[in-house]
Amino acid sequence: MSRKIYFREIYMYIVCIIAIILFLIGIVSVYNGSVNFVWPTTYNTRQNIISMYSEQYENLSSAEMEEMAEEELAASARIEKSLAFKELLRGLLLIIVAIPLFIFHWIKAQAMWHKDTGDKDND
């Protein structure tokens with residue numbers, strides 16, 4: 001006996017695949033965000049900052065340039081941590097949305113499958 005496939009059932013399975021993809025993207029975002037939060041990547045170095053300051057501000061002492069370089073490096077690290085935290089939250093949000101989306105559509109798709117085939121036991 002051949003089984004009829006409905007567009008609604010195909011839609012349910014497509015949404016399940018999309019939810020799985022969202023879940024995987026969320027996992028990767030959580031991983032990247034947590035790693036970047038623990039070890040923020042800054043592309044500024046003390047030497048580059050000091051050489052830039054020595055060209056711009058000739059009347060500053062080396063101690064003042066060191067202090068300004070430290071402040072700039074700390075600010076850069078704070079910005080990177082902030083961006084990493086936002087990525088971590090974005091990934092968690094994707095996971096939180098993907099799980100119920102998948103569960104709801106999977107249950108509906110399986111119910112349609114069992115209703116159409118006449119199976120009484122739901123796996």
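Quick note: the coordinates plus some simple rules give every number you see, no bench work behind them. All values derive from a computational prediction rather than experimental measurement. Reconstructed Cβ throughout: ideal geometry from the backbone, glycine too, with neighbour counts over all protein chains shown.
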Filter the chymotrypsin sites (Phe, Trp or Tyr not before Pro) in the stretch 48-103 down to the DSSP loop ones having no more than 14 other Cβ atoms within 10 Å, then list what survives. 57
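Say R0 is 30 Å: what FRET efficiency, to the nearest 0.05, do residue 106 and residue 86 get from their beta-carbon distance? Before the final figure, lay out the partial values.
On the way: r = 30 Å, r/R0 = 1.01.
Efficiency computed from Cβ-Cβ geometry: 0.50.
Tell me, what is the FRET efficiency for residue 97 and residue 39 to the nearest 0.05, using R0 = 35 angstrom and their Cβ-Cβ distance as r? It would help to have the intermediate numbers written out before the result.
Numbers: r = 28 Å, r/R0 = 0.80.
E between residue 97 and residue 39, to the nearest 0.05, is 0.80.
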What the 10 Å binned alpha carbon P(r) of the chain shows, as percent of pairs per bin from 0, is 13, 23, 17, 15, 12, 9, 7, 4, 1, 0
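So, in the chain, how many Lys pairs have Cα atoms under 25 Å apart, if the pair is 8 or more places apart or on different chains?
On the way: 4/108; 4/115; 4/120; 108/120.
Total qualifying Lys-Lys pairs in the chain comes to 4.
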Förster-model FRET efficiency, 41 Å R0, residue 55 and residue 27, C-beta, rounded to 0.05: 0.35
